[in-house]
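First up is the structure itself, then whatever we jot down about it.
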Amino acid sequence: MSEPITLRRFLTRYAEPGGLDPNLIFLIEDIASACRVIGNRLRNAAFEGNHGLAGDTNVQGEDQKKLDVIADEVFARICESSPRLAALVSEEREDAVWLKEPEGGDYLLFYDPLDGSSNIDVNLSVGSIFSICTVGTDGDRDVLKAGDAQHCSGYAIYGPTMMLVLTVGSGVYGFSCEYGTGDFRLTHPRMTIPAETSEFAINASRYRLWDAPVRRYVDECSAGMTGPCGRDFNMRWTASMVAEVHRILTRGGVFLYPVDDGNRAAGGKLRLLYEASPMALLVEQAGGAATDGHSRILDLQPTGHHQRVPVILGSANEVDRIAQYHTADAGSA
Ligand code: P6P
């Protein structure tokens, strides 16, 4: 029987012809270790008194869950010793945390330590999202990197099975955490998103706030066989972007968190650097598409660490159809 492909074996032998930079391998392994620890802390939360609120708000003005703080500290503690890691940019921290004087080729780690944490206390899936870019030149402290500059992105999903899903630029690979050994073993090679789908994910309670193109799209999906789509659609909403993206990578679908009358002043809800960009890279690497309704997310030039953007991603034909509705709407303005 052929040897199982562990994360280490994948990174050192299969990820890229000629092998990845060993320092990138160290960093990805450290991220995997951090996610393994976070998974354990989630499982033991009830015994450790770690459910509920931390009693503070984060830089986003959101109530921090105890496990938001713990997950952020785990990421920082485990990853900060990675040899060529120069800085951390976390959803939970105002500013970048510089670990060393930046040198060209050093790595920058962007992460949302615990995405969807409102699901924790009700025992539903949550995740961690990460993205890795590099420092341009010695002394360069610019962390506002466009999505196309990412070397690696991925997520851990803490669900019935804990998985690590990542890309290093040549496809999307899913590793399941083996209970007992804690090994991440390749179980989902080359995850792909079909161009067509009949499943969409959006928080439908915001219907009254949406712009016309989004309402048009959702109305047509809801009309099913009786409408212009000529087929019935299903809807999902899990309140965790990681879970939505994982479902889409596994069986297709489209996820929308558009700008609306409730979040327009903030630019949307989801953050570009450590949510939208890493997920957009995964989705494109799997053959899908990711836009803000008009532009490709990976082309967007960030203007701030915690900048928010609209996100529409998943099966390419559906993302394209929604973009066409936005263009038609803009043309009629
Ligand atoms: P809503 C979680 O808070 C998150 O940032 C994403 O993971 C998720 O897709 C979305 O917000 C859920 O938003 O409107 O259901 O609270």
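The values are calculated or read from the model by the stated rules, or taken from the named source; none is laboratory data. Keep in mind that this is a model prediction, so the values were computed, not measured. Glycine gets a Cβ as well: all are built from the backbone with ideal geometry, and neighbour counts include every protein chain shown. Protein only, heavy atoms only, side chains kept; ligands, DNA and RNA dropped before computing areas. Shrake-Rupley method; radii C 1.70, N 1.55, O 1.52, S 1.80 Å.
Across the alpha-carbon atoms of the chain, the computed radius of gyration and Dmax are 19.5, 63 angstrom. In segment 265-313, inverting the average of 1/r over every pair of distinct C-alpha atoms gives 10.6 Å as the Kirkwood radius. Over segment 97-250, the hull volume per residue, using the convex hull of the C-alpha atoms, is 178 Å³.
Overall size of segment 224-265 from C-alpha positions, given as principal axis extents largest first: 36, 27, 13 Å.
Within segment 263-303, list the residues whose amide N lies under 11 Å from a label point set 7 Å along Cα→Cβ of V59. Answer for this model: 273-274.
For the chain, DSSP calls about 80 percent of its internal beta bridges antiparallel. The figure for T197 is an accessible area of roughly 10 square angstrom, using a 1.4 Å probe on the protein chains alone. When only the Cβ of Lys, Arg, Asp and Glu is charged (+1, +1, -1, -1), the dipole of segment 53-123 relative to its Cα centre reaches about 260 debye. Wrap a convex hull around the Cα atoms of segment 72-127, take a quarter of its surface area, and give that in square nanometres. The number I arrive at for segment 72-127 is 4.4 nm². Computed with every protein chain present, the accessible area of D183 is close to 60 Å² [probe 1.4 Å].
The shape of segment 1-69 can be summarised by an equivalent ellipsoid whose semi-axes, obtained from the alpha carbon gyration tensor, come to 35, 17, 7 Å from longest to shortest.
When nucleic acids and ligands are ignored and a 1.4 Å probe is applied, D292 ends up with an accessible area of around 30 Å². Legend: residues R84, R247, R43, sorted from most to least accessible area (1.4 Å probe; ligands, DNA and RNA excluded), read R43, R84, R247.
The fraction of all Cα pairs in segment 155-194 landing in successive 10 Å bins from 0 to the largest distance is 30, 54, 15, 1, given as whole percents. Hydrodynamic analysis of segment 161-218 uses the Kirkwood radius over alpha carbon pairs. Inserted into Stokes-Einstein at 25 °C and 0.890 mPa s, it gives a translational diffusion coefficient of 167 µm²/s.
Heavy-atom accessible area with a 1.4 Å probe sorts E318, E178, largest first, into E178, E318. Farthest towards the positive end of the charge dipole of the chain, among the residues I5, T134, T327, is the Cα of I5, using unit charges on the Cβ of Lys, Arg, Asp and Glu.
Across segment 42-173 the C-alpha pair distances fall into 5 Å bins from zero in the proportions 2, 10, 19, 21, 19, 14, 10, 4, 2, 0 percent. Take 262-268, 281-287 and order them by the average number of nearby Cβ atoms within 10 Å per residue, most first; the result is 281-287, 262-268. By the Stokes-Einstein formula, at 0.890 mPa s and 25 °C, segment 218-333 with its Kirkwood radius over alpha-carbon pairs has D equal to 166 µm²/s. Between the amide H of C152 and those of I132, distances stay under 5 Å, these residues lying 5 or more places away or on another chain, with hydrogens modeled in the peptide plane.
Exceedance of the 21 Å cut-off in Cα-Cα distance is limited, within the set K100/K269; K65/K269; K65/K100, to K100/K269; K65/K100. From the largest down, segment 40-84 spans 35, 28, 10 angstrom on the principal axes of its Cα atoms.
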